[in-house]
1. C:Ala250: out of contact with any Pro (no Cβ under 7 Å at 6 or more places or on another chain) and closer than 21 Å to C:Asn111 by Cα, yes or no?
2. Answer with yes or no whether C:Lys103 is within 11 Å of another protein chain (Cβ to nearest Cβ), of a type in the set (Lys, Arg) and under 24 Å from the mean Cα position of the chain (by Cα).
3. Those residues that are out of contact with any Pro (no Cβ under 7 Å at 6 or more places or on another chain) and either modelled with pLDDT under 95 or part of a loop (DSSP other than H, G, I, E, B) (or both), I need them from the stretch A:262-288; list them, please.
4. Quickly run through the stretch A:187-215 and pick out the residues that are under 21 Å from A:Val241 (Cβ atoms) and over 14 Å from the mean Cα position of the chain (by Cα).
5. Could you tell me whether any residue of the stretch A:179-196 is under 21 Å from A:Asp91 (Cα atoms) and touching a helix residue (DSSP H, G or I) at 6+ places or on another chain (Cβ under 9 Å)?
6. Listed residues D:Ala291, D:Ala269, D:Ala261, D:Ala235; which is surrounded by 16 or more Cβ atoms within 10 Å (Cβ to Cβ) and within 19 Å of the chain's Cα centre (by Cα)?
7. With D:Gln277, D:Gln296, D:Gln282 as the choices, which residue is surrounded by 18 or more Cβ atoms within 10 Å (Cβ to Cβ) and not assigned by TED's automatic domain parsing to the domain that holds D:Met145?
8. On the basis of being closer than 20 Å to A:Asn270 by Cα and of a type in the set (D, E, K, R), does A:Glu283 make the cut?
Protein chains: 4
Amino acid sequence: MNTRSFASDNNAGIHPDILKAIEAANNGHVIAYGDDTYTEKAIAEFKKLLGNDIEVFFVFGGTAANVLGIKTATESFNAVICAETAHINVDECGAPEKFTGCKLLPIPTMNGKITVEQIAHHVHGIGDQHHVQAKVVSITQATEMGTLYTTKEIKAIADYAHQNNMFLHMDGARIANAVVGLDVDIKEITKNAGVDILSFGGTKNGMMFGEAVIFFNQKLAKDFRFIRKQGMQLASKMRFVSAQFAALFANDLWIQNAKHANKMACLLANKIKEIPQVKITQEVQANAVFAIVPKQSIPKLQEKYFFYVWNEETSEVRWMASFDTQEEDIENFVKFVKEMVK
Amino acid sequence: MNTRSFASDNNAGIHPDILKAIEAANNGHVIAYGDDTYTEKAIAEFKKLLGNDIEVFFVFGGTAANVLGIKTATESFNAVICAETAHINVDECGAPEKFTGCKLLPIPTMNGKITVEQIAHHVHGIGDQHHVQAKVVSITQATEMGTLYTTKEIKAIADYAHQNNMFLHMDGARIANAVVGLDVDIKEITKNAGVDILSFGGTKNGMMFGEAVIFFNQKLAKDFRFIRKQGMQLASKMRFVSAQFAALFANDLWIQNAKHANKMACLLANKIKEIPQVKITQEVQANAVFAIVPKQSIPKLQEKYFFYVWNEETSEVRWMASFDTQEEDIENFVKFVKEMVK
Amino acid sequence: MNTRSFASDNNAGIHPDILKAIEAANNGHVIAYGDDTYTEKAIAEFKKLLGNDIEVFFVFGGTAANVLGIKTATESFNAVICAETAHINVDECGAPEKFTGCKLLPIPTMNGKITVEQIAHHVHGIGDQHHVQAKVVSITQATEMGTLYTTKEIKAIADYAHQNNMFLHMDGARIANAVVGLDVDIKEITKNAGVDILSFGGTKNGMMFGEAVIFFNQKLAKDFRFIRKQGMQLASKMRFVSAQFAALFANDLWIQNAKHANKMACLLANKIKEIPQVKITQEVQANAVFAIVPKQSIPKLQEKYFFYVWNEETSEVRWMASFDTQEEDIENFVKFVKEMVK
Amino acid sequence: MNTRSFASDNNAGIHPDILKAIEAANNGHVIAYGDDTYTEKAIAEFKKLLGNDIEVFFVFGGTAANVLGIKTATESFNAVICAETAHINVDECGAPEKFTGCKLLPIPTMNGKITVEQIAHHVHGIGDQHHVQAKVVSITQATEMGTLYTTKEIKAIADYAHQNNMFLHMDGARIANAVVGLDVDIKEITKNAGVDILSFGGTKNGMMFGEAVIFFNQKLAKDFRFIRKQGMQLASKMRFVSAQFAALFANDLWIQNAKHANKMACLLANKIKEIPQVKITQEVQANAVFAIVPKQSIPKLQEKYFFYVWNEETSEVRWMASFDTQEEDIENFVKFVKEMVK
């Protein structure tokens, strides 16, 4: 058994129920590329959750969900406003620029969240042919810093975007953790709040692979099939993505997984707080814990537990809880941290 | 149980051994993005097969394997010479042009195979700044028409390419079917024949998803990690691609699957030949059968069996056998065809 | 004085009237980037010629006029249907693919002209996510082979394009030569025939540099300013392009220049026809003469007169007449050809 | 006569000597696309100035000079570090991202100049496949704020770049103004300082259009011809760009023009300083004057003199002097400013 670490929620494997769904879908032949009943059913589940007036498409990975979704809302001379810490800005190796041609306009933040005021600062030069034309605001929910936008904050951004002829994209790689963290109906923080395009994450919440691009603004979905294929994201054996999503929605598994991960992150944070040498740096609202640890202890900790150093200069690290994190894992880890930071 | 059809080898599901390997890999946490022992092992299997002097990378799908592989060998002002029927030319929705910037120079063929003479016709304007500069020849093995290049033919193309400062890419989405059809060591028709980059197919040979990009020309692999990530093809839970490949090589499963599929295609062709109203149009060298059927019978056939019409004008259709095709499937199908074409 | 050759109409210099207009525009300061009265006036001239319901933009060169015009009518997953000999297909180093992402679908022709029937053959797979979606037909008038589409032929293509939800682009690098050759009002073969986007050539008809992109379909012009700037084609001292165009329209200079060039090509062809060793291969309808000359004579001819060999295999060459070609030039050249082909 | 304004150095026209050179080059036929003696001579002039071990290419405009130059040094997964105020970052409508695929990493500055320390902050994640790989540092000389890098500062940046496997690009749209402002040999602040690629500006220093891309690092020039053509920047009547550059170097015109413009900016700044309501905000080292003026006076000033507001929030404006600015222009302007700001 491989040790469960706190490196990332994508270091975890597949939730047993989802694996079972894959096995069940492995049954004879079905038409490739999504013209199958598994895909039909998975899309129906999304519509049950989010309403019938949406469009749903599956892609392989999260970077693609973001990039292809944003492509539908932009021309190459547009710009995308986002947090400096946004996954699209720092973790996608320039895929957004390469595939859309757009410039990203990153906003420095303390907690991964951007505000209308900051966004407004970047909405200038509109109509000026020398300037890229801001067209999309992209926010991450839960953010890369483990924080959450409130419903009200999202609404304010969406309203501002729409008033300025822009679209709102939400990177929801951890949307389930946000829904749980805010204890709201998912519609409240997406559709009803004015989100136009949502990257709905599966992989970080117990799936093997697979993400969904949800269009609340259905007009934007018009050409997505072609964009997806040209974007190299059309799975031939699509049923195995679809079956996973169907399983994720059965018995509210997506909520249960996220609830557990968030709870574990909370527990981890609470126990870490007792260690005087370690300082929690971000509010723990989802399944991430950010902390500053003594620099010299990092290599010692990483010998046993792999995790990412977020900021080399400040020796801030990131620890993530997953659907399969156990209390025992936390106890062992915290104990080890205590020893190492002495 | 969904009916097994002859629509495509990607309408089949996952081979049981491969599914088992996925289950076995679902064991605790491992580092994401390929820094795990499953990936290490899968790469080692590829090296056992093809030599240690290669570079191996996994991607989600076949279109990506082709496009990203070709990207490593081209600048945007280059051109790629291929058969008019090549998957990169007609089935990838312009992904090669979009991602590489290159022009494709398609060659009309009777059987999906291109010759040195035809290629040479497109290698002109070299050094002329007005013209795209031909840099890659891409051939498909087995071809989209179910035919095979001989080792000698591949060598001739590779030699010509290299003499003209070009690279040879092989789309091996069905490379296993070619290896079996020619009854050769895979090295004979790839590495030793002079192939620089190989898209090694997994999905059409019993995997759930996942393809490999193999660099025999290791220099071309230098930046592939970045190209893969920017190309939105870096799987976070990579172990589940890797474990599938490892299972594909265990007990020569890749060969066994292809052998079976080829045999079934042969059987299908032989039985179809007995129907006077149907005319086989291509030599059956791998797992595809191309045939002209009476136009009016096509919708009737498709009511029960989904398949693709290859050429509306000539009413030529394509039937593919898979690793899981059964003799009984063929008997039932042929019986049905007989009835419908009367 | 540099010898006047028959290499290309862009080997000629600037027409004296146009040079005078440049000098006259060199008068104090004006706002850059087109917000000046020279540009206003030039656009007004275009509207006088083609109607007020058009949009007019200037760019540096002909390749850009074509590529940026086509960009307004396409998404990256679209395809552009054109003649195999089209400038966009063979003389722009892949600029259309690079900037638009689109695939070009070239049609082999005898005389540079494509037909509705040929175009229709390429309009397939519409709605199929695996295929590029044909969206633009691009024709060249006068063609690269010196031939002309009749008004009726253009209308047929435009009608077909529009019926199939496509746009018609016309590469009019030599539109003046076509207008003269057909002896029609320019509106007949552009706007009234159904052309959506026209590249209106200036450089090959006596200007120093500068081409216009004319949108008869005004909706397509909506974002052209941004596409032009992002396409690196926004001239800062725009007045000097505009002043040239204004001069081109004064005293019908554009028609006079083209009339002269066409007449000289005709004269050249007639004299060449008297040489039994040389065979004219294309109808001379504009300002180009294509001819097959004895292979061994080509280097000898090129020692004195630079020109392009069109087809090395058949030893077909191209000779172009310009606004400044003199009868004496033709006499001298023909005399020299006679000597060399003996 | 159009009033000479202080809007921009590209609101000026063509220097008389340069116009004369255009007229002189309008002499019969020469081969298109740069295979002519005018181009040969212009390149020779550049080599006389900068050494024989360079490569020189002409393009239409400044945006293209920057973008195409940077393209030679980058792959699509690279990043370009520059000042937030850099022309490539704010005035090229996303052309760098679109054409190169690269991400720009902008650095906020007070005066348009970036430092090694700031650059180093952006050089991270090297080798990490999730991150764009910083490959080019681009600095502007003179900067967009009218300031100058010292030779020592450039050397420090070049050394840092080279030590980190990066290239140094210099946007020299106003390189002449920098040479004059620093009173150095141009080689000192380019070649000898370690610049790899230089955009050498012509248009803002008295030319009609035309910029040069100079490669001190000759390896980078290898494929520039193809990049230029695919980038839609190959002028057919190239001689008219080349003749302008030759004239620019005759009698040190490029230096004389810049000297005059810088002197006029200095004079303007000195006179403006006497107006207590206006505050000069940047050191005047080249031909630009930045100043904060009372907000309500801006529209009044612009009624008579067009100029750009640099920062709406602080009511900072930019005034530029040109090769043709006269002392009288300054006196009239300053007098008018005095009246309007009262």
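1. Values: out of contact with any Pro (no Cβ under 7 Å at 6 or more places or on another chain): yes; closer than 21 Å to C:Asn111 by Cα: no.
Criteria not met by C:Ala250.
2. Working: within 11 Å of another protein chain (Cβ to nearest Cβ): yes; of a type in the set (Lys, Arg): yes; under 24 Å from the mean Cα position of the chain (by Cα): yes.
Yes, satisfied.
3. Restricting attention to the stretch A:262-288, the residues satisfying the condition of being out of contact with any Pro (no Cβ under 7 Å at 6 or more places or on another chain) are A:262-276, A:278-288.
Of everything in the stretch A:262-288, those that are out of contact with any Pro (no Cβ under 7 Å at 6 or more places or on another chain) and either modelled with pLDDT under 95 or part of a loop (DSSP other than H, G, I, E, B) (or both) turn out to be A:Lys273, A:Glu274, A:Ile275, A:Pro276, A:Val278, A:Thr281, A:Gln282, A:Glu283, A:Val284, A:Gln285, A:Ala286, A:Asn287.
4. So in the stretch A:187-215, the residues under 21 Å from A:Val241 (Cβ atoms) come out as A:190, A:197-215.
Listed by number, the residues that qualify are A:Met208, A:Phe215.
5. Here is the first cut: in the stretch A:179-196, the residues under 21 Å from A:Asp91 (Cα atoms) are none.
Checked the stretch A:179-196: no residue is under 21 Å from A:Asp91 (Cα atoms) and touching a helix residue (DSSP H, G or I) at 6+ places or on another chain (Cβ under 9 Å).
6. Working: D:Ala291 fails: within 19 Å of the chain's Cα centre (by Cα); D:Ala269 fails: within 19 Å of the chain's Cα centre (by Cα); D:Ala235 fails: within 19 Å of the chain's Cα centre (by Cα).
That would be D:Ala261, the only listed residue that is surrounded by 16 or more Cβ atoms within 10 Å (Cβ to Cβ) and within 19 Å of the chain's Cα centre (by Cα).
7. Details: D:Gln277 fails: surrounded by 18 or more Cβ atoms within 10 Å (Cβ to Cβ); D:Gln296 fails: surrounded by 18 or more Cβ atoms within 10 Å (Cβ to Cβ).
Exactly one residue qualifies, and that residue is D:Gln282.
8. On the way: closer than 20 Å to A:Asn270 by Cα: yes; of a type in the set (D, E, K, R): yes.
Against the criterion (closer than 20 Å to A:Asn270 by Cα and of a type in the set (D, E, K, R)), A:Glu283 qualifies.
The values are calculated or read from the model by the stated rules, or taken from the named source; none is laboratory data. These figures come from a predicted structure and were not determined experimentally. No Cβ is skipped: glycine too gets one built from the backbone with ideal geometry, and neighbour counts run over all protein chains shown.
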